[in-house]
Amino acid sequence: MALFGLFGKKEGNQEPRLSPILPQQIYEQGVLELRDVIAPSALKITPREINLGDKIARTFFVMSYPRFLTDSWFAPIINLDRVFDISIFVHPIDTAVVLRKFQKKVAEVQSQISGREDKGLVRDPMLDTAYKDLERLRDDLQQAQEKIFDVGVYITIYGDSVSDLDKAESEIKSILESRLVYVKPALFQQEQGFQSILPIARDELSVHSKLNSTPLSSIFPFVSFDLTSDRGILYGINRHNAGLVLFDRFSLENYNSVVFAKSGAGKSYAMKLEILRTLMFDTEVIVIDPEREYQYLAEATGGRYFNISLTSEHHINPFDLPIPREDESAADVLRSNIVNLVGLLRLMLGGLSPEEDAIIDRAITETYALKDISPDSDFSQVEPPLMSDFELVLAGMEGGTSLVQRLSKYTKGTWAGFLNQPTNVDINKKFVVFSVRDMEDDLKPVAMYIITHFIWNAVRKTLKKRLLVIDEAWWMMKSEDTASFLYGMAKRGRKYFLGLATVTQDVDDFLKSPYGLPMITNSSLQMLLKQSPTSIDSVQKTFNLSDEEKFLLLESDVGEGIFFAGLKHVAIKIIASYTEDQIITSDPSQLLAIKKAQQEQKDISTPPLQNQISSLTKAP
């Protein structure tokens, strides 16, 4: 059976001729192409807009420019938080043709100026300015420093209703007209305007303005900073252009970061999200947690959680000594540890006079000597002394009586259980959390100093990629000794493959320390989330923020702010998946819901949540 179709037309009494329709033609007529998928179901073209199915579009063209165009004048339009398309058509013009036309135009302008002079009329500034501009541009064209182009700039906005379009039109016009750039809708040419903004490079509208190279460069559309790299973890979404903010802190000049935000702005949430994603890249993470916010994260990822308090079973002996590395001697290790211990005792005893400082230094050296620990000995297998051993040595020294009385509360008094015990803490896990929430406020700086010193010794012992997170770092910045030690870690950490991340809400307390600003300048990554009005001025001055960025930080939602990497910075929004959110959330209502769900899981004997997310901490 053959299929036939009409071919040609009837002539005279002849019957229409029939030609066979080939199977190939039938197949091609039934093929669904990409343009069939993306095309709207219907079009309705009116003088001012065009209906594209469920959306309405309106196209504008730029009709006039000012005498001077500033750099990035188009940036507010490009970064506008609306759905729109922009097409920029640049048609080069032959310089020789332009120069011939300029010669006639210059002659006309010069003739008008001369005519006004002959008639005795006053000078016309507009004519003088036009003459100077023409001559200057003619010189630049002649020397090939500039070229002339026909430029068409078209903008198509979209909305669900005509009122949405009117509102967007008013916003765009107000932005451009404030810069003396004027646009008009393409009346009765909406179809051509829409075709001109499609990515097919066809200028159907053909509304052009002549621009030379310098002002044309100011229309360059890619003005949003795009902070991303080809590897690393996802920090958030670029609020300028919806791009991804991807970075590997261990590929920068140093591995440190700072996070500033007011309480409840999402700083701990952002830090926990970074930790969770960092664990997937074979990085060990250690956290000093003053508010017990990281316990659930440690349990869910199979890490270790140590609660450091006066009644805790976990102890750290500050007299512990690290095993010397190949590139350092036992004398260097011992000397460094003695210096750190003097700083610790200065913090514990509320300050030391120069005489007391010298006595403490000598007493520590003699305490180590009692255990056969000296600059020339091998102390890798020797049990280190305790605080009570140091007290005995100090009591036998001239001028040590007052110091012993002030030290007794750490060896015999209420606080003896915290310091005067051998170390029983092991941090041989990928994720370790030290919590000091239950420690008395007076002892928190001491506890954080001891924990940080213990971590530093472990870092120096074995070279591994590590991230140390110090939440509420302002606690350590309150004392000069703890702040100095923290700053030393920030400067020396790169040598031991250590990244230091400090998180704080009390910006003023952090910056009051002489080590606060150096800590910031020694951090390759910086994140500012929502700020309080009381601290925003300090933040603006420290980070050299514009007034727009200042107000952005004041008006940001939770998890929104500014992300700095080197000299560039972008507005960022922290985004987490559902599973990540369930692990890292600090919202009390969500935590209660999670606990309830866990209880229900136990009741029906289902695997716990950490089994569902254990794959998150495995290297890809």
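Where a number appears in this text, it was derived from the coordinates with a stated rule and is not lab data. Predicted model, so just to flag it, every value in this text is computed and none were measured. All Cβ positions, glycine included, derive from the backbone under ideal geometry; neighbour counts span all protein chains shown.
Odds and ends about this structure:
- Of all lysines in the structure, the ones whose alpha carbon falls short of 30 Å from that of Lys55, not counting any fewer than 8 places away in one chain, are Lys44, Lys167, Lys173, Lys184, Lys573.
- As a proxy for reagent exposure, Thr365, Thr452 were ordered by neighbouring Cβ count within 10 angstrom, fewest first; the result is Thr365, Thr452.
- Between amide H atoms placed 1.01 Å from N, distances below 5 Å from Ala501 occur with Ser257, Leu468, Val469, Ile470, all of them 5 or more places distant or on a separate chain.
- Loop-resident sites, region 26-133, for trypsin sites (Lys or Arg not before Pro), counting at most 10 other Cβ within 10 Å (DSSP): Arg67, Lys119, Arg123
- All lysines inside 20 Å of Lys595 as judged from Cα atoms, apart from same-chain residues fewer than 8 positions distant: Lys272
- All C-alpha pair distances within region 484-539, sorted into 10 Å bins from zero, spread as 21, 53, 22, 4 percent across the bins.
- Note on region 430-547: Rg/Rh from C-alpha atoms, Kirkwood Rh, equals 0.97.
- Dipole moment magnitude, nearest 20 debye, the chain about Cα centre, only Lys, Arg, Asp, Glu C-beta charged: 1620 debye
- Options Leu205, Leu403, His240, ranked by Cα towards positive dipole end of the chain, top entry (Cβ charges): Leu205
- Net length gained if the chain between Glu177 and Lys465 were fully extended (0.36 nm per residue, minus Cα distance): 98.3 nm
- Three semi-axes describe the equivalent ellipsoid of region 211-308; taken as square roots of 5 times the Cα gyration tensor eigenvalues and ordered largest first, they are 38, 15, 11 Å.
- Filtered GluC sites (Glu not before Pro), region 33-110: DSSP coil and at most 12 other beta carbons within 10 Å: Glu33
- Straight-line cross-link partners of Lys512 among the lysines, defined as a Cα under 18 Å from its Cα and at least 8 positions apart when in the same chain: Lys262, Lys478, Lys541.
- Cα gyration tensor, region 243-392 - rounded (a/c under 1.5), prolate or oblate: prolate
- Charge-dipole axis of the chain as Lys and Arg at +1 and Asp and Glu at -1 on Cβ define it, positive-most pick from Gln505, Ser309, Asn428: Gln505
- Estimated purely from DSSP H runs of n ≥ 4, each contributing -39500 (n - 2.57), the mean residue ellipticity at 222 nm for the chain is -12500 deg cm²/dmol once divided by its residues.
- Relative contact order (%) - criterion: Cα under 8 Å, at least six apart; region: region 47-217: 43 percent
- Using C-alpha pairs under 8 Å with a sequence gap of at least 6, the mean separation divided by the residue count of region 317-422 gives a relative contact order of 30 percent.
- Sites Lys147 and Lys495 - FRET efficiency at Förster radius 51 Å, r taken between beta-carbons, to 0.05: 0.45
- Overall Cα dimensions of region 47-217, principal axis frame, Å, largest first: 64, 34, 30
- Sites Asp36 and Ser163, calculated FRET efficiency, Cβ-Cβ separation with R0 22 Å, nearest 0.05: 0.10
- Prolate/oblate/rounded label for region 332-462 (Cα gyration tensor, a/c 1.5): oblate
- Mean Cα-pair separation over length for the chain, i.e. relative contact order, pairs under 8 Å, 6 or more apart, %: 17 percent
- Overall dimensions of the chain, expressed as equivalent-ellipsoid semi-axes from the Cα gyration tensor (√(5λ), whole Å, largest first), are 69, 36, 21.
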